[in-house]
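The values are calculated or read from the model by the stated rules, or taken from the named source; none is laboratory data. Worth saying up front: this structure is predicted, and the values here are computed from it rather than measured. Note: ideal-geometry Cβ built from the backbone for every residue, glycine included; neighbour counts use all protein chains shown. These accessible areas exclude ligands, DNA and RNA; they are computed on the full protein's heavy atoms, side chains included. Shrake-Rupley method; radii C 1.70, N 1.55, O 1.52, S 1.80 Å.
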Amino acid sequence: MNDDHPLLKEIAYLHESIPAGYEDWQPTDLDYLLREESLKLLMQHEGDQILAIVEEELIAFIWYKMTDHTHIKSLWVDPRRRGQGYASRLKNEVKRMSEAQGMAYIKGTVHPANRGMVALNKKLGYNWVGKEMRLEL
């Protein structure tokens, strides 16, 4: 996905909304606008990338960056489509690309209350390292 893709606004909104179930998180309109701008700038200048699954509407996305390792910054699946393998598909594609680029590991922060993502990461071979889940490649 490029930095002027029309789905970036929706992805920015969804990313800011992900922590909604976690205590006091109340994003504002400014938070959404700033996230959209930061996504564009990170894609233009820092090499951040987004993979999306779209079937008439956005089904799922993963936002990541590769340096000497891969950092998964966000992963979202439409709640109506969870449990159908979309998250695994995206994570496995990022793993394939990371291995092809010689990355040492993949990491991402997962809120402990997100039991589904914790379970998926464990199933895919990730381990807790501090506050992050990490997969050695």
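Values as computed for the structure displayed
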item	result
FRET E, pair ASP4, ASP78, Förster distance 30 Å, beta-carbon r, rounded to 0.05	0.80
Sulfur and carbon atoms: percent of accessible area, the chain [1.4 Å]	49 percent
Other-chain or far-sequence residues with amide H under 5 Å of ASP48's (modelled H)	MET43
Nearest-20 debye value, the stretch 37-79 charge dipole, Cβ charges on Lys, Arg, Asp, Glu	220 debye
Cβ charges +1 (Lys, Arg) and -1 (Asp, Glu), total dipole of the stretch 36-137, debye	560 debye
DSSP-defined antiparallel bridges as percent of all bridges, the chain, nearest 5	90 percent
Two-decimal ratio, the chain, of alpha-carbon radius of gyration to 2.2 N^0.38 Å	1.02
222 nm mean residue ellipticity, helices alone, for the chain (DSSP H n ≥ 4; -39,500 (n - 2.57); rounded to 500)	-11500 deg cm²/dmol
Nearest-20 debye value, the stretch 1-92 charge dipole, Cβ charges on Lys, Arg, Asp, Glu	480 debye
1.4 Å probe accessible area per residue over the chain, in Å²	59 Å²
Interchain or long-range residues, amide H under 5 Å from ILE59's placed H	ILE53, VAL54
